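The block underneath contains the structure these notes are about, expressed in structure tokens.
The values are calculated or read from the model by the stated rules, or taken from the named source; none is laboratory data. Computed from a prediction, not measured in an experiment: that's the story for all the values here. Please note: Cβ atoms are built from the backbone with ideal geometry, for glycine as well, and neighbour counts cover all protein chains shown. Note: areas computed on protein heavy atoms with side chains; ligands, DNA, RNA excluded. Shrake-Rupley method; radii C 1.70, N 1.55, O 1.52, S 1.80 Å.
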Amino acid sequence: MAFYFRPDDVPELSGLSNWEQRVLLRGTFLRERAVSTVILLIAVFGSVQYVINPLLESLAPSVRTDSLAYGAILVVWLLALMKARDIILMNKLRPKFAAKRAEQKAAEIAKLEAERAAQTEKPAAE
């Protein structure tokens, strides 16, 4: 199975607007998103404690005392981990995206068929 880095490249999300992609990626599968958020928090706390802080201590000890620079480094690290989580979820949930799109398409077709049936019944009734 292919691995994608951008939502525009994922075949299951093709043909959707940016807003529809965003809603499908971030608002549909809440359980998976909640579990991944807990894992993300553990990864952030663990990586800051055991990766970022020792690395900064060895490379630039004065950075930890400068709260603005240290805060900026932590925010950038958090955003990088969030982007990585979104990429992993996007690729892991591809089969569910396909099922959701098929469900939406079936509902759209059923709605159109109901409208067509209603239109054909009107002239017959008159």
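Pick out, from 74, 42, 24, the residue whose Cα sits farthest towards the positive end of the charge dipole of the chain, with +1 on the Cβ of Lys and Arg and -1 on the Cβ of Asp and Glu. Of the candidates, 42 comes out farthest on the positive side. What a 1.4 Å probe finds exposed on the chain is 65% carbon and sulfur by accessible area, rounded to a whole percent.
At a Förster radius of 25 Å, what calculated FRET efficiency corresponds to the Cβ-Cβ distance of residue 48 and residue 92, to the nearest 0.05?
Numbers: r = 25 Å, r/R0 = 0.99.
With R0 = 25 Å, the Cβ-Cβ based efficiency is 0.50.
The accessible area of residue 86, taken with all protein chains in place and a 1.4 Å probe, comes to roughly 40 Å². Each label point was placed 7 Å from the Cα along the Cα-to-Cβ direction; for residue 8 and residue 28 their separation is 2.0 nm. Please identify the trypsin sites (Lys or Arg not before Pro) of the stretch 1-84 that satisfy two criteria: DSSP loop assignment and at most 15 other Cβ atoms within 10 Å. Which are they? Listed in order of number, the matching sites are 64.
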